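Just so it is clear, none of the values below were taken in a lab; they were calculated from the coordinates. Since this is a predicted model, take the numbers as computed values, not measurements. When we count neighbours, we look across all protein chains shown, and the Cβ atoms used for this are built from the backbone with ideal geometry, even at glycine.
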Amino acid sequence: MVKAFVEAQEPKGISEIEWVANNDIDPRVRRIAEESVLAIREAMQTPKEVAQMREEVEKLKTMNLELVQKVDKLEQELKG
């Protein structure tokens, strides 16, 4: 069950997995549950980083377009 939550990156399962991490008698199971919670939380943070990167790419595209326009303008002035 824990593996399914991790693979689905399902944050709804965190509370149940945390319960396992805190209450299971087998230390191996607790460790796997703790690692699973961390994996799910990391997966939840990724979209914020991706959104930030997209914003940066859009800014770079805008800057690139402005530079191309300036170069075109300078070329026209040199020809004219």
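Of the residues that sit in region 20-62 and are assigned to a helix (DSSP H, G or I) and in contact with a Lys or Arg (Cβ under 9 Å, 6 or more places away or on another chain), which one is surrounded by the most Cβ atoms within 10 Å (Cβ to Cβ)? So that I can check it myself, show each step before the final result.
Of all residues in region 20-62, those assigned to a helix (DSSP H, G or I) come to 20-23, 27-62.
Adding the requirement that they be in contact with a Lys or Arg (Cβ under 9 Å, 6 or more places away or on another chain) leaves 20-23, 32, 36.
Working: Val20: 19, Ala21: 20, Asn22: 10, Asn23: 10, Ile32: 18, Ser36: 22.
So the residue we want is Ser36.
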So, in region 34-71, how many residues would count as being under 18 Å from the mean Cα position of the chain (by Cα) and either more than 30 Å from Glu18 (Cα to Cα) or in contact (Cβ under 8 Å) with a residue 12 or more places away in the chain (or both)?
13
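Quick check, is Leu65 of a type in the set (A, V, I, L, M), surrounded by 10 or more Cβ atoms within 10 Å (Cβ to Cβ) and either farther than 30 Å from Ser15 by Cβ or touching a Leu at 6+ places or on another chain (Cβ under 6 Å) (or both)? Walk me through it before giving the result.
Numbers: of a type in the set (A, V, I, L, M): yes; surrounded by 10 or more Cβ atoms within 10 Å (Cβ to Cβ): yes; either farther than 30 Å from Ser15 by Cβ or touching a Leu at 6+ places or on another chain (Cβ under 6 Å) (or both): yes.
Yes; evaluated as a whole, the condition is true for this residue.
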Neighbours by Cβ (under 7 Å, 6+ apart or cross-chain): first from region 18-30, over 18 Å from Ile40 (Cα atoms); second surrounded by 10 or more Cβ atoms within 10 Å (Cβ to Cβ) and polar (S, T, N, Q)
none
